[in-house]
């Protein structure tokens, strides 16, 4: 069983504050491969569902509202498993926002932290590719799996 506990703090800069603490157990969250590897994604909830970047270009600017969140997910390593592969940390900076994700091993837990600060701004259509790349890199980072190996 892969026990996952998390602490999520989300807030919107102009709408007030919101904090949520959640703890749960998910018996089938990780995928067991070859009876020796457990693979899972520590970014349990997508925070970018509101953002659709389907087109390669735009005719109109993108208008962003301010938003920010910090989320920490603690995954208790199951008995008999150690971390085999962890994604690299990510740090992105742009005029319209910052993003960071980190991973660390601490007291038998994998600790995944991600932070996004998005500033209210208008992104001109000719700068859309920079905007799109920023958020595509976030999605790629958050889709990166952690691999645990049986000892």
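The values are calculated or read from the model by the stated rules, or taken from the named source; none is laboratory data. All values derive from a computational prediction rather than experimental measurement. Cβ placement follows ideal geometry from the backbone for every residue including glycine, while neighbour counts extend to all protein chains displayed.
Filter the range 44-78 down to the residues that are assigned to a loop (DSSP other than H, G, I, E, B), at pLDDT below 85 and in contact with a strand residue (DSSP E or B) (Cβ under 7 Å, 6 or more places away or on another chain), then identify the one that is surrounded by the most Cβ atoms within 10 Å (Cβ to Cβ). Residue satisfying both the conditions and the ranking: 44.
Quick one: would you say residue 150 is touching a strand residue (DSSP E or B) at 6+ places or on another chain (Cβ under 9 Å) and farther than 23 Å from residue 57 by Cβ? It is true that residue 150 is touching a strand residue (DSSP E or B) at 6+ places or on another chain (Cβ under 9 Å) and farther than 23 Å from residue 57 by Cβ.
Checked against the criterion of being surrounded by 12 or more Cβ atoms within 10 Å (Cβ to Cβ), within 28 Å of residue 37 (Cα to Cα) and in contact (Cβ under 8 Å) with a residue 12 or more places away in the chain, the range 116-130 contains not a single residue that satisfies it. Could you please let me know if residue 103 is in a strand (DSSP E or B) and modelled with pLDDT of 90 or more? Against the criterion (in a strand (DSSP E or B) and modelled with pLDDT of 90 or more), residue 103 qualifies.
Scan the range 28-42 for residues that are part of a loop (DSSP other than H, G, I, E, B) and touching a strand residue (DSSP E or B) at 6+ places or on another chain (Cβ under 8 Å) and the total you get is 6.
With respect to the conditions (1) closer than 23 Å to residue 36 by Cβ; (2) in contact with a strand residue (DSSP E or B) (Cβ under 9 Å, 6 or more places away or on another chain); (3) exposed (fewer than 14 other Cβ atoms within 10 Å of the Cβ); (4) without any contact (Cβ under 8 Å) to a residue 60 or more places away in the chain, residue 82 falls short on a single one, namely (4).
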